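Structure record follows, encoded as structure tokens.
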Amino acid sequence: MLRWILGGREAQGTVEKSAALFIGEEQPKNCFTEMQVLKGHFDIVRFLVQIDDLRFASAGDDGLVLIWNVETGDCLFALRGHTQQITAMTSYTFIRGGTAHTALITASSDRTLSLWDPDSGNRVQNISDLQSSVKCLLVLAHLDVWLSGGNELCVWNRDLELRCKMVHHSDAGISAMVELPKNFIAAAMDKEIVIFKLNLSGSDIAVMAMRHLADHHDTIRSLIHINDGLFASGSHIGELIIWDSVDWTIQAYEHILWEEPARDSQSEFKLNHQKQIERSIQHMSSDGEYIVAAVGSGLYVYNVLMKSVVAYRRTAHDSNILHTMLQQDSLMSCSEDGSVRMWELQDLPLPAEPASSGFFGMFGTFGRSSKQTGPPAKKIPEVPGLRSLELIGDLIGHSGAVQMFLSFKDKGLVTCSTDQLLIVWKDGELQSQLRSLAVFQKLEENQGL
Amino acid sequence: MIGSPDVVAFTKEDDFGDSFIDPCSLPEEFTVPLFAHAASANPWTKTSYAKFSKDFILISEFSEQVGPQPLLTIPNDPKVCGTFDLNYFSLRIMSVDYQASFVGHPPGSNYPKLNFVEDSKVVLGDSKEGAFAYVHHLTLYDLEARGFVRPFCMAYISADERKIMHQFQELSSEFSKASEFLKSGNRKAFANELEKKLRDLEYTRSVLYKEAELQKKNNGCYSTQAIDKANELANMEKSIYEHRDLLKQITSYPSRKKKDGDFVQHETEKPAETSVIDDSLNSNHSDVADKTVETECERRKSSYTPQLIKAKSAKCFDKRLKTMEELCNASFFHQTLEQLNTIEKSYRDDLCLIYISQIDRALLSKQKITSFLFEAERNSEFGGTSKNFSVSSNNPTVPILNFSGEPLSLDSYTTCIDVDHIKPGVESMEGRPDSSTSDITQETSEAADTETKGSFSSDKSIEAFGGVSPSSLQTNYFDGLERKSKVSIASPSENASSSLAVPQRTSDGNLVPVDAGCCIGQDGFIFEEPLLELAQECYGDTVVNREPLSLLQGDPPLQMDYILEESALAENPNMGLTFSELNTEEVAKITIEDVSDSTSFMSTSTSSDRAVSPFTYGSAATLKQKKKAGHSALRFIRQYPFAHQAISCLLSGRTLVILGVDEGTVRKLVNALFIFIPNLGKYGETVQPWLSSPFQLTDLQRWKLIGLQRAASPAGSSILHSLNRYSRYISILDCDSKTLRCPPYKGTLVSHLADHRTQIKRGSTYFLHVQGMLTQLTAKAFLYTFCHHIHLPMDINHQGSVTSRRTNFLLQLGYTVEESKIVQYLSELIKRHYIQGSSKGANQSFCFNYTTSYLYKI
């Protein structure tokens, strides 16, 4: 029995099959050599929101919102008030009296919305008479208002006063919202994207639905802002659509199928019964030029400017990927398998090499008309500049699904998980240097030892 | 009257030799008394002809009824003193008492005056008996005693004169504490007694007054009875006045002492009943004293019914004198006994051992920054002495071995020397030479004379070495502090041939008080002092009959010895004694050879060396336990070829999981390895010796050594799952299949630390070896931590230069990349400890590396 414990190489299934995924214990590029476990939650932790350079808030199914200091790992405040799980959380920075204030907005299944002051830990405002629970929040900084989306779309000002409300006819509420130029909002409602317009006439705000974009064939799982001109949406069956922010036309349409090579299909099927989920675009993130989409347990990197796939990996994790982050040439993903993996985009030595390892259907369409046409191509065209996604490190610590992570750049990376823990991962070398600095500072203060 | 007491003055060190400082020599604090290489090889042979087998403390009283008499000994075991004549020795020690206390009617005063005298501290030797004693005289107040005082003395009696001489100040300060307990208890008891007496007197006066009135009425004012009654009444008035005055005096005892932290602590410890008196004592010392006493009396009236006092008190020989316990408050008396027991425990060992532990403590106290890493909690080591050590750390009293070499401040000394120094004391000090005029001392000397005249006149062997009066202490000690007090004798002795004293030349050219012969038997040690002085005198002329062992020269032979003994050990383990062992167990073994006292710390550690009692989580990890663990560690090293890897894991902070089916085996391994864990914690918090549930990530943060149960149950499989999941953070030692999975280690440090071919046979020896190596490692880690240039880039852009400087630095320390992980880990611990202090409450982060592990098999 001990054999498999000790022999890392003979670990199971997927790892064994795709040997490249097993990075082992030697990870020279992984700088996270220090961790700090933060305990405080009693249930799944789902949300992390950065408050400023030092602080962040965590929230989850226990209805508790905790504010932490990322450097020391101290829990600064426990914000209590919600009786049920938190469904959405965002921070809201505004200028009052010449100084910037940051407030924290939380929404819960108990149909309340709360506004918190993270400096004092006080609940500033609370709205409890909502008709439905809020699923998403969007701050419009330039209008100094924020929106809550659920079965109804509400517009609030900074003092949590309702400015405008719009009830939908649809059963499925708004699951995600992005801001578009000229006071337009795109909201994902089941299979549709609805474009709303905020009309500002004096102090009054009115919301008006402008258009319904019904190009997805299944529920939209993610909706993100790419840059000023583009936004993207991903659906449950692997459809990725890049939209123009101004005229709401389709700029690109990708249907990611993750087709199996014939030989492997049997075993692959055994491991992953639910093929549909496998293709669901759970999360997307973008740096303005590239999009990374978490498709099932795979990763898909797309260049929106070139409208071409940059890199992909069908099984990047052992289980569904829940959150991704893109930073220059490296990206990070966390998954239900409990790990966070760090990837690097590397140029391929042989251009066509990765094509054989996996297939994906792809054809670009420009405009609505052509979207239903034709079966997906069986082979990838020789895409120039196709790169590979190389695993450079993984962070193992959580014993449950890693729900989300939040990067504080040099100060570290915070992960939250189903196992009720938060972990701050830090650069050990940097921390050591910081401690040395602190030591020498104290030496100076004490005038010697 | 008793021979001629030779007063040994603590003279000031001569200034010669100060100019030359050998730059290469070791700092003085590392001075370990070397064994003088005399022809007779075994330094441990017991040559003492003392009639007692080990040191003890004797409390005696100079009773006004029967003269000097022993009261009790500590330890309270007749075997300790053997055939030693306690009565005789009590006589000796009481006879040197000067007792400058003048109690009674001083000239110009009509009523008795209490003197708060200082205790006197003398060293007394009786070469015939082979006994040497530190004698601490004190007086307690007793209303029924002559002059209201009862002279007592406490004596620390040892066969080793050097111990008494060299530990004089330590003994003095420790005994002063004991004396202080006694006296403060006594003051309260005395005040109590006075109050009762006053009430009696007042009651008697009122009765007398009534009687006198009656007499006047019946017989007229001038009848004899009436006059008698009037006289009686007047006497009573006077008596009341005197007693009131006494009460005022005793209650106005300055509250100065209260400031003493130690004292306050003990004050607060005593029961509430006494603290009531305490309050009254405190408040009384103003002008309103009488008033408060009065109210106090009223308050107490309910509990005490005054008695009529007869005009004539009983003859002094008829009455029963109060016992010591009665004289003091019971709780204070027990505190005193506790303190004396502590003294006995901490000084019972060989002088050499005391020195080493003193050096050890003094050095450790300087290492506050790193001592948390590998040093055991010292407080628990000596049990009861912890209190006493913590106190002495407040006022540094390591005077004989003044390591820093810098003179201690005057203030710190007054705390340990003067005891009862208050205003009346000054006059008593000045009047000390005339103390023979005081009736009490006259009495005692007379009594002594008459009782034991014959033996006295014939006996010339009694010398009072260093009759250190408080006043001479004050002056001489301060002078002598820079000095390393040199003991010289006033009258040169005629026999100086057998001296073994070896003045050691140290870096600053001073003679060190630690003389090399401290471990030798007692031949001729009486004559050591004169020779020492002689040696000093002809220092420039290079006298022949001393071995000029400087520390530098002294080191190689020591080393050689060590090797020699090591090799001898291989052939005959019973005979060979390794150096480190000599220091601990064997010494103890020899010095207390005949003593059946198995409670002795050292002897137990010897006997239980093989019976390994496993380290238990939650209890304080003592040095004793660690020594025992040395044996298991030694066995582990011999048994497992991958011991190096396992130890390097522990040293570099990688959690080691010991996996096994059998709890005993796992616990044994845990017990063998816990001595290598840095920052073990006072209670071994970083060790989990037996765990039967899956561990969590947070556990890895907490525990650095985990004993884990391997079970076939579902729980077992989840344990294995957690092992697999966190495999990158842990090393796994499987004691069933005898495998170790951990990162490789090829360095030399651990191979020195844990050489499986080591000649060391004993667990405690091995532990000391480990301790030595780890101390060295700690020192280097300390250097590494506090060197600025290897941590911070001089230029932000040159990050690489820091790395190379770091590598070079480690190379200079003799460490390769293999060791760098260990040093780095220790360094991080030191940094954290330094920044946060010892507070462990903070949520610590946990460091690790991404390195490949290998599987090692046996």
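Below is a table of values for the structure above.
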quantity: Members of segment A:39-65 that are surrounded by 22 or more Cβ atoms within 10 Å (Cβ to Cβ) and within 14 Å of chain B (Cβ to nearest Cβ); calculated: A:His41
quantity: Residue selected from segment B:750-771 under the condition in a helix (DSSP H, G or I) and β-branched (Val, Ile, Thr), by the criterion nearest to A:Leu395 (Cα to Cα); calculated: B:Val750
quantity: Qualifying positions in segment A:313-353 - in contact with a Phe, Trp or Tyr (Cβ under 9 Å, 6 or more places away or on another chain), at pLDDT 90 or above and surrounded by fewer than 21 Cβ atoms within 10 Å (Cβ to Cβ); calculated: A:Met325
quantity: Index of the failed condition, B:Asn115 passing every other in (1) surrounded by 18 or more Cβ atoms within 10 Å (Cβ to Cβ); (2) more than 19 Å from the chain's Cα centre (by Cα); (3) at pLDDT 80 or above; calculated: (3)
quantity: Among the residues listed as A:Lys442, A:Lys426, the single one being within 11 Å of chain B (Cβ to nearest Cβ), in contact with a Phe, Trp or Tyr (Cβ under 9 Å, 6 or more places away or on another chain) and at pLDDT 90 or above; calculated: A:Lys426
quantity: Condition met for B:Ile706 (farther than 30 Å from B:Lys366 by Cα, of a type in the set (A, V, I, L, M) and modelled with pLDDT of 90 or more); calculated: yes
quantity: Residue satisfying condition, being in contact with a strand residue (DSSP E or B) (Cβ under 8 Å, 6 or more places away or on another chain) and charged (D, E, K, R), within set B:Asp736, B:Asp755; calculated: B:Asp736
quantity: Residue list for segment A:213-242, filter: within 17 Å of the chain's Cα centre (by Cα) and part of a loop (DSSP other than H, G, I, E, B); calculated: A:His236, A:Gly238
quantity: Neighbours by Cβ (under 7 Å, 6+ apart or cross-chain): first from segment B:658-682, away from chain A (no Cβ under 14 Å); second of a type in the set (Val, Ile, Thr) and assigned to a helix (DSSP H, G or I); calculated: B:Ile675/B:Val770; B:Phe676/B:Ile647
quantity: Qualifying residue in segment B:849-857 (condition: surrounded by 21 or more Cβ atoms within 10 Å (Cβ to Cβ), out of contact with any Leu (no Cβ under 7 Å at 6 or more places or on another chain), assigned to a helix (DSSP H, G or I) and at pLDDT 85 or above); calculated: no
quantity: B:Arg757 of a type in the set (Lys, Arg) and either within 11 Å of another protein chain (Cβ to nearest Cβ) or crowded, with 17+ Cβ neighbours inside 10 Å (or both); calculated: no
quantity: Pairs, first farther than 17 Å from A:Gly448 by Cα and within 14 Å of another protein chain (Cβ to nearest Cβ) in segment B:766-791, second surrounded by fewer than 21 Cβ atoms within 10 Å (Cβ to Cβ) and of a type in the set (Phe, Trp, Tyr), C-beta under 8 Å, six or more apart; calculated: B:Ile790/B:Phe809; B:His791/A:Phe440
quantity: All positions within segment A:400-434 that are over 22 Å from A:Ile51 (Cα atoms) and acidic (Asp, Glu); calculated: A:Asp419, A:Glu429
quantity: From the options A:Asp228, A:Asp215, A:Asp190, residue that is without any contact (Cβ under 8 Å) to a residue 40 or more places away in the chain and not hydroxyl-bearing (Ser, Thr, Tyr); calculated: A:Asp190
quantity: Qualifying positions in segment B:703-729 - basic (Lys, Arg) and either out of contact with any Leu (no Cβ under 9 Å at 6 or more places or on another chain) or within 12 Å of chain A (Cβ to nearest Cβ) (or both); calculated: B:Arg710, B:Arg725, B:Arg728
quantity: Helices (runs of 4 or more DSSP H) fully within segment B:655-749 counting 1 or more residues that are more than 44 Å from the chain's Cα centre (by Cα) and surrounded by fewer than 19 Cβ atoms within 10 Å (Cβ to Cβ); calculated: B:714-725
quantity: Residue within segment B:151-171 that is among the β-branched types (Val, Ile, Thr), within 20 Å of the chain's Cα centre (by Cα) and outside any strand (DSSP E or B) present; calculated: yes
quantity: Qualifying positions in segment A:182-212 - under 25 Å from the mean Cα position of the chain (by Cα), in a strand (DSSP E or B) and under 19 Å from A:Lys135 (Cβ atoms); calculated: A:Ile185, A:Ala186, A:Ala187, A:Ala188, A:Met189, A:Glu192, A:Ile193, A:Val194, A:Ile195, A:Phe196, A:His212
quantity: All strands (runs of 3 or more DSSP E) inside segment A:26-86 with 2 or more residues being farther than 19 Å from A:Gln403 by Cβ and not acidic (Asp, Glu); calculated: A:75-79
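Let's see how each residue does on (1) among the aromatic types (Phe, Trp, Tyr); (2) closer than 20 Å to A:Ile224 by Cα; (3) touching a His at 6+ places or on another chain (Cβ under 7 Å):
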site	(1), (2), (3)
A:Gly298	no, yes, no
A:Asn303	no, yes, no
A:Arg314	no, no, no
A:Ser335	no, yes, yes
A:Gly338	no, no, yes
A:Glu344	no, no, no
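The values are calculated or read from the model by the stated rules, or taken from the named source; none is laboratory data. These numbers were taken from a predicted model, which means no experiment stands behind them. With ideal geometry, Cβ positions are generated from the backbone for all residues, glycine too; neighbour counts draw on all protein chains shown.
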